[in-house]
1. Quick check on this structure: which one of B:Thr77, B:Thr117 is among the hydroxyl-bearing types (Ser, Thr, Tyr) and more than 27 Å from A:Ile79 (Cβ to Cβ)?
2. What about D:Lys140, is it among the basic types (Lys, Arg), at pLDDT 95 or above and open to solvent by 20 Å² or more (accessible area, probe 1.4 Å)?
3. Look at A:Thr19 and say whether it is more than 19 Å from A:Arg75 (Cβ to Cβ) and either in contact with a His (Cβ under 8 Å, 6 or more places away or on another chain) or of a type in the set (Ser, Thr, Tyr) (or both).
4. Which of the residues that make up the stretch B:1-60 are in a loop (DSSP other than H, G, I, E, B), open to solvent by 10 Å² or more (accessible area, probe 1.4 Å) and within 14 Å of chain F (Cβ to nearest Cβ)?
5. If I go through the stretch F:66-76 residue by residue, how many of them are basic (Lys, Arg) and either in contact with a Gly (Cβ under 7 Å, 6 or more places away or on another chain) or not in a helix (DSSP H, G or I) (or both)?
6. In the stretch A:73-104, which residue that is aromatic (Phe, Trp, Tyr) and out of contact with any Lys or Arg (no Cβ under 8 Å at 6 or more places or on another chain) is most open to solvent (accessible area, probe 1.4 Å)?
7. Which numbered condition in (1) of a type in the set (Lys, Arg); (2) over 23 Å from F:Arg18 (Cα atoms); (3) in contact with a Lys or Arg (Cβ under 8 Å, 6 or more places away or on another chain) is the only one that A:Lys14 fails?
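The values are calculated or read from the model by the stated rules, or taken from the named source; none is laboratory data. Note that the structure is predicted; figures quoted are calculated from it, not measured. FYI the Cβ positions are ideal-geometry reconstructions off the backbone, even for glycines, and counts take in every protein chain you see. Quick note on the areas: whole protein, heavy atoms, side chains included, nothing else; ligands and nucleic acids left out. Shrake-Rupley method; radii C 1.70, N 1.55, O 1.52, S 1.80 Å.
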6 protein chains.
Amino acid sequence: MELLEFFLEAGNLKRLRRTGWLLRGIPNPESIADHSFRTALITLFLGEELRRKGIALDLERALKIALIHDLGEARITDIPFPAQRYFNKVEGERKALVEMVGSEYLALFDEYEQESTLEGKLVKFADRLEMLLQALEYEKSGFSGLEEFWKTIEKLKKNELYEYFGGLVEKLISLRP
Amino acid sequence: MELLEFFLEAGNLKRLRRTGWLLRGIPNPESIADHSFRTALITLFLGEELRRKGIALDLERALKIALIHDLGEARITDIPFPAQRYFNKVEGERKALVEMVGSEYLALFDEYEQESTLEGKLVKFADRLEMLLQALEYEKSGFSGLEEFWKTIEKLKKNELYEYFGGLVEKLISLRP
Amino acid sequence: MELLEFFLEAGNLKRLRRTGWLLRGIPNPESIADHSFRTALITLFLGEELRRKGIALDLERALKIALIHDLGEARITDIPFPAQRYFNKVEGERKALVEMVGSEYLALFDEYEQESTLEGKLVKFADRLEMLLQALEYEKSGFSGLEEFWKTIEKLKKNELYEYFGGLVEKLISLRP
Amino acid sequence: MELLEFFLEAGNLKRLRRTGWLLRGIPNPESIADHSFRTALITLFLGEELRRKGIALDLERALKIALIHDLGEARITDIPFPAQRYFNKVEGERKALVEMVGSEYLALFDEYEQESTLEGKLVKFADRLEMLLQALEYEKSGFSGLEEFWKTIEKLKKNELYEYFGGLVEKLISLRP
Amino acid sequence: MELLEFFLEAGNLKRLRRTGWLLRGIPNPESIADHSFRTALITLFLGEELRRKGIALDLERALKIALIHDLGEARITDIPFPAQRYFNKVEGERKALVEMVGSEYLALFDEYEQESTLEGKLVKFADRLEMLLQALEYEKSGFSGLEEFWKTIEKLKKNELYEYFGGLVEKLISLRP
Amino acid sequence: MELLEFFLEAGNLKRLRRTGWLLRGIPNPESIADHSFRTALITLFLGEELRRKGIALDLERALKIALIHDLGEARITDIPFPAQRYFNKVEGERKALVEMVGSEYLALFDEYEQESTLEGKLVKFADRLEMLLQALEYEKSGFSGLEEFWKTIEKLKKNELYEYFGGLVEKLISLRP
């Protein structure tokens, strides 16, 4: 796919809202691009923190993963959890990604999806943390009915990076209204 | 599925926007429920018109089809056309529909999807006409980039009801700004 | 009124928001079409349930009533309750309806407004139930100040269909957060 | 009506959108309060201009009229033009106004509605000019289908203040894209 | 600045949302014009009340102040409180105001900003009261996280008009959910 | 500043809309985070392209710059161009950035702002290209009045990366409706 065409298709991520919030009645919730941006930002700052702790990390690789981790959704949209019984979302995302930016990015996506490398784990951690931050922000603004999102904490705890950032997650939880 | 639970899940059709418009940059476009409502209304008034022309029609059946023709989207969302290369949308809709309201409605859905009965053809006609009306309304309000939607006219022309409502469609086209 | 022109005017029901929610500060609430859609859907499924219970019902008639019960609002808008001290809303709706779709639909509207037939009662029940479902959904999302809407329960209880669907209504109430 | 209660009811003017724009498909158009604000601002600056031209004017009175000219809509909403065949909007506004702020404001409203005083004429001029400014702004942003609003120019020309501000109106018209 | 150009620039106040609410996650909050309108309305009705209590007041002057008190924001936008550590917002507003409407309005703005005259104090009181009314309305609709706004009560209490309108403020506070 | 607190403040970038579009009447335009996301994505793909052309580039550095290039706006908001006569926006952004993430990021920001390194130039190019893509998308959707944004092309042409990506920019321009 040509670069210009690709950049324009990536614009869909600004136009598409995250369906998880939408289906819970939050008016005009964040876009997929909004989420991807903060996920990349978190990846950067947690990555720097890991380095400060002496952990070797390919930050360029991690940032690439963060930037492309939801790119397939520009084409397949943010198919919500209940719909995934009918469709293999990850397979759809993988195929769309390859068609959009080529197979060299598929390896990056798979690291993220399978949490198979430190960089992939970091972005998965950032992705989930970002969702919790957003859930917290919506709850602080008065929205409710978001309990299901908080179950993600269990998944965060199984990520080996929880060792380093567990305190941050706990602090986040303590801020729930 | 219990009735109350089903009515609540159907509420998703109010919260979900039609992705075709969304991806073309129309801010806060119509909901799936908005579209389904006018589709049913068109079905009613075109159906009455057919009867006046002496054509036997099971209007109750047609209205049922109209009301459930997008019901599966309450669960699978309005997966846009470019995403359908990766997913079998109709199969997903069929399965979701059965789980939501039981297999007796599947026959109705298939009549619509396959245009296999007069009632199914009528709702398919109404569904496409509704989309053209909305495209026209957006264009009259100043939105553009909707050319692709107008290709649907070719499909309308192949529907045997075009014989009766071709004039209406041509008039509609003549109103484009 | 010509069919095409009528379908276009009915599009106003997508553009107009239900003022009851709007005045209580719910941002970008449901459209009148959103409400009408689920009212028709409820009419269909409660109607089928009545039939299963052996109650004779003209479901085609009931669905017609449901689809046109708020049609006049495409022209007069959803004049809120406090404004009805100054205007006879129902009279306005009746006149607009006749001008839009002819007097044969007036009888249907009156059955609904006066709850004078089983079909009219069913749609009135569906209309009120739909509003309660929406109130519940808004409350589950965190919105408040909707107490007044719940007074509708008293009206539902007086509808003879409460005998059949009272359990559903009670279950709905039990879901309030 | 008590002041606090009145101020809260006036908040409806922020929540209600101007239906003229809404029905032409402008997403999330200006509120009634938005319009009232600029109408008052225009009244102030045109009023000062009149004074500079040596015309005696009770500016306090004019500003009061501007601030209350749509106040009744906080209760009756912005009933659009096509609905006014079924309801006497002005009578509704008058009654609502009296109940909200007392009959001393009715005289001010009538001056505006009947253009019976210089101050009333000024606010009517400002009210219409404000609408044209907004129409121009929407057209410059790309919205269309607003031709009907521009017919107001004929009414502006009949207002005796056109003598002073005709140049401004003509300049405004020349800016249409 | 020419009048027409000025009226068009003032239109920005309709397009710009109040950032205080925006940053706390309220979707599509009121515009600056919305706020300015009710501030002017409150100024009018509190001013009339003061007159009834025998207090001499230049109401025309007070209304002018109310209408222009946020006018500079049409150019500099509603720079939120945390940003004011980096910019002198009031200085920016003053300069923008002079360029937009001339230096004769600067004196009015300064009366408001410094609460140096009765009219300035009244508008400052109205401005703060308006914000509390809006905070109350958002809280009644279910939004939260607005505690900081209520600290304004302390500032209201120091305004000499609290003597007259303290009861109204206390009643307002008592309505918090 | 603590990481959690910082991530929450960065959430403002999702809530704040880009004022350039807002002031031209585009309803609910993109957020600052939306823009930052695609800027980072463009930086990644143009960066990879440069590498393929044999140009040495620190892509990690470039991605960091892209992710933080508008971070200060989380605190100072997107102060629009006409307001910058009254405030030194860049100085405000620099101070806010230092307080949010420390002075080590200031060097990165300055590279971008002053286009003093290849990485800084790349992000500046991506930032401007992103804005043009968005302008194109809005124009394709029917919005107008965006001519001023296209003047940015002149600035792009002066960026030394135009040598490599001039074709892409010209293609983009050719797509304007």
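1. Working: B:Thr77 fails: more than 27 Å from A:Ile79 (Cβ to Cβ).
The match here is B:Thr117.
2. Yes.
3. Values: more than 19 Å from A:Arg75 (Cβ to Cβ): no; either in contact with a His (Cβ under 8 Å, 6 or more places away or on another chain) or of a type in the set (Ser, Thr, Tyr) (or both): yes.
No, not satisfied.
4. B:Arg24, B:Gly25, B:Pro27, B:Asn28
5. Going through the stretch F:66-76, the residues basic (Lys, Arg) turn out to be F:75.
Within this subset, residues satisfying the condition of being either in contact with a Gly (Cβ under 7 Å, 6 or more places away or on another chain) or not in a helix (DSSP H, G or I) (or both) are none.
So the answer is 0.
6. We begin by selecting, within the stretch A:73-104, every residue aromatic (Phe, Trp, Tyr); these are A:81, A:86-87.
Now narrow it down to the ones that are out of contact with any Lys or Arg (no Cβ under 8 Å at 6 or more places or on another chain): A:81, A:87.
Numbers: A:Phe81: 156, A:Phe87: 14 Å².
Result: A:Phe81.
7. (2)
One line per residue, one yes/no per condition, for (1) of a type in the set (A, V, I, L, M, F, W, C); (2) in contact with a Leu (Cβ under 9 Å, 6 or more places away or on another chain); (3) at pLDDT below 95:
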{"residue": "C:Glu48", "(1), (2), (3)": "no, yes, no"}
{"residue": "C:Arg51", "(1), (2), (3)": "no, yes, no"}
{"residue": "C:Gly54", "(1), (2), (3)": "no, no, no"}
{"residue": "C:Ala66", "(1), (2), (3)": "yes, yes, no"}
{"residue": "C:His69", "(1), (2), (3)": "no, yes, no"}
{"residue": "C:Arg75", "(1), (2), (3)": "no, yes, no"}
{"residue": "C:Gln84", "(1), (2), (3)": "no, no, yes"}
{"residue": "C:Gly92", "(1), (2), (3)": "no, no, no"}
{"residue": "C:Lys95", "(1), (2), (3)": "no, no, no"}
